[in-house]
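Q: Have a look at this one.
Every number in this text was worked out from the coordinates using simple rules, so none of it is lab data. On a predicted model such as this, the values are computed, not experimentally measured, just so you know. Positions of Cβ are generated from backbone atoms using ideal geometry, with glycine treated the same way; all protein chains shown enter the neighbour counts.
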């Protein structure tokens, strides 16, 4: 069977355990190329860099990867550079993660992890965002090993054109997951705590510390299924059109405004 060529990225930075473990897990059976931000770029959403130069510095060695680069930009920058400039040919699959912490519900609109996978999708490459509900090394490695087994298995369905997969792994502190469940997005809301402080020059500043407040939801949502201990997989597309609000006769003549 043909070896897959993979582009790995993340928003936690080039030294993040989830990224390093994913490269190690996938490197035995795929040609892995890593393009990652040099520093943490969490909650960058789909930002791209337009007003300063981007630098791509080789990182060697990087276990499991044929080549690895650190970029002074965003997760979306990394995918653009990786696909268009750095890799020898177009990858078969983009994997973003494994993120240190979940991306559920409305998190997808803020997440650099999901946005990197979204950029891959925009470029016509099947893409998957991967997140783990914790920071422990054992759980991150387990999520990476599972990802390798899943992609290599007959049960793996490659994301169709215009779709990315958003996958979340529960914490191993609750035991090994017993199921992987296809689900819709749930409701994840945050209590936005702004802490007011004063810097050494006497100027006030604010530090945002949002606390997730997950509603009790049914098991058919990513929030509910993860709370039940399952691995969740949500297919996402970027068409946010509210079709039910478009009237049957959608055209409005300009004369109607000046009669």
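Q: Alpha carbon centre of segment 173-205 versus segment 16-32: separation in Å?
A: 27 Å
Q: Which number comes out as Rg/Rh for segment 1-74 once both Rg and the Kirkwood Rh are worked out on C-alpha atoms?
A: A ratio of 1.00.
Q: Over the chain, what is the percentage of antiparallel beta bridges among all DSSP beta bridges, to the nearest 5?
A: So the antiparallel bridges amount to about 40 percent of the total.
Q: Now for a separate question. How much length would be gained if the chain were fully extended between residue 157 and residue 106, taking 0.36 nm per residue of separation minus their Cα-Cα distance, in nm to one decimal?
A: Once the chain is fully extended between residue 157 and residue 106, it gains 15.9 nm.
Q: How far apart, in nm, are two points set 7 Å out from the Cα along the Cα-to-Cβ line at residue 189 and at residue 145?
A: 4.0 nm
Q: Just subtract the alpha-carbon distance of residue 55 and residue 249 from 0.36 nm times their residue separation and send over the number in nm, one decimal.
A: Full extension of this stretch gives 64.8 nm more.
Q: In Å, what is the Rg of the alpha-carbon atoms in segment 170-247, and how long is Dmax?
A: Radius of gyration, then largest Cα-Cα span, for segment 170-247: 19.0, 57 Å.
Q: Within segment 29-50, what residues put their amide N at less than 18 Å from the label point 7 Å along the Cα-to-Cβ vector of residue 84?
A: 35-37, 46-50
Q: Give me the log10 of I(q) over I(0) for segment 122-259 at q = 0.16, 0.17, 0.21 Å⁻¹, as the Debye formula computes it from C-alpha points; what are the numbers?
A: -0.96, -1.02, -1.31
Q: Let me ask another. Nearest 0.05, what FRET efficiency do residue 39 and residue 198 give at R0 = 25 Å with Cβ-Cβ as r?
A: Details: r = 26 Å, r/R0 = 1.04.
Using R0 = 25 Å, I get an efficiency of 0.45.
Q: Could you calculate the contour length gain from residue 209 to residue 15, that is, 0.36 nm times the residue separation minus the distance between their Cα atoms, to one decimal place in nm?
A: Here the answer is 67.5 nm.
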